[in-house]
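Asker: Could you have a look at this structure, given as structure tokens, before my questions?
The values are calculated or read from the model by the stated rules, or taken from the named source; none is laboratory data. Note that the structure is predicted; figures quoted are calculated from it, not measured. Virtual Cβ from ideal backbone geometry, glycine too; neighbours counted across all protein chains shown.
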Amino acid sequence: MATTQTQSPRQRVPAAERRDALIDAAVHEFALRGLYGTPVDKIARRVGVAQPYVFSLFGSKKELFLAAVERGFELTAETFTKAAAEYDPAIALPDADILKAMGKAYVELLQSEHRDYLMLQHHAYAACDDPEIRERVRGLYARLVAHVERLAGPDFDSERIDEFFRYGAWLNVGAAMGVEDLSAGCEWMRAEVDR
């Protein structure tokens, strides 16, 4: 006696959800291989869609790359916003301030499961030979700086904001290489030179 199984109809995933899933997949894939080394088909397969569908949502590989880069900048801005909101000068350590609180949150972000965003950020800067990418990345970076200025408030001059971002770039390089210190003559550098 044969039994007939009723197959449930395939559920259609809304385009907005697919778009979001594709950006997540793109963050991971572009973080590994950059814009030029990442095939769109690899991103599509990660989400379970066909490559033409990706292009129907994004138009080009570059637009998908930029959507992923934008998501990374958004994550950083959200991290700074949360840290600023949680900072309370009444209970903070004597040498703490709102910029240090945001910096600490950024360090925690770099040490979390979000490494793909760090590596994608490096790939975004490396892809700035492309004028369209350079323009978008510059805009994202400028808006992030303005966001930090707003969060920090008028007590922090442009030199302190610049110092905050210079230290952030230093942290990015160190985190990418898997080291905590980039100071000249630090232990790991001495070990490298002595090889």
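Asker: Which of (1) surrounded by 15 or more Cβ atoms within 10 Å (Cβ to Cβ); (2) within 13 Å of the chain's Cα centre (by Cα) does Glu78 not meet, given it meets every other one?
Answerer: If we test Glu78 against (1) surrounded by 15 or more Cβ atoms within 10 Å (Cβ to Cβ); (2) within 13 Å of the chain's Cα centre (by Cα), just (1) comes out false.
Asker: Checking Ala25 against (1) farther than 30 Å from Phe164 by Cβ; (2) more than 16 Å from the chain's Cα centre (by Cα); (3) of a type in the set (Gly, Ala, Ser): exactly one of these is not met. Which one?
Answerer: (2)
Asker: Can you work out which of the residues in region 39-83 that are polar (S, T, N, Q) and without any contact (Cβ under 8 Å) to a residue 12 or more places away in the chain is farthest from Ile98 (Cα to Cα)?
Answerer: In this case the residue turns out to be Gln51.
Asker: I've got another one for you. Return the pair list, or none, for Cβ contacts closer than 8 Å from residues in region 153-177 that are surrounded by 11 or more Cβ atoms within 10 Å (Cβ to Cβ) to residues that are polar (S, T, N, Q), at least 6 apart or on different chains.
Answerer: Final answer for the pair search is Asn172/Gln121; Ala175/Gln111.
Asker: Right, another one. Identify, please: which residue in region 80-100 is of a type in the set (Gly, Ala, Ser) and modelled with pLDDT under 95 and is, among those, nearest to Arg166 (Cα to Cα)?
Answerer: Top of the filtered list is Ala96.
Asker: Out of Ala90, Ala85, report the one residue that is of a type in the set (A, V, I, L, M), surrounded by fewer than 13 Cβ atoms within 10 Å (Cβ to Cβ) and outside any helix (DSSP H, G or I).
Answerer: Just a single option satisfies the conditions, and that option is Ala90.
Asker: Which of the residues belonging to region 20-75 are part of a loop (DSSP other than H, G, I, E, B), among the aliphatic types (A, V, I, L, M) and surrounded by fewer than 16 Cβ atoms within 10 Å (Cβ to Cβ)?
Answerer: Across region 20-75, the qualifying residue is only Ala50.
Asker: So, one more: So the check is Cβ under 8 Å with 6+ separation or different chains; which pairs have a first residue in region 116-135 that's farther than 15 Å from Ile23 by Cα and a second one that's among the basic types (Lys, Arg) and crowded, with 20+ Cβ neighbours inside 10 Å?
Answerer: none
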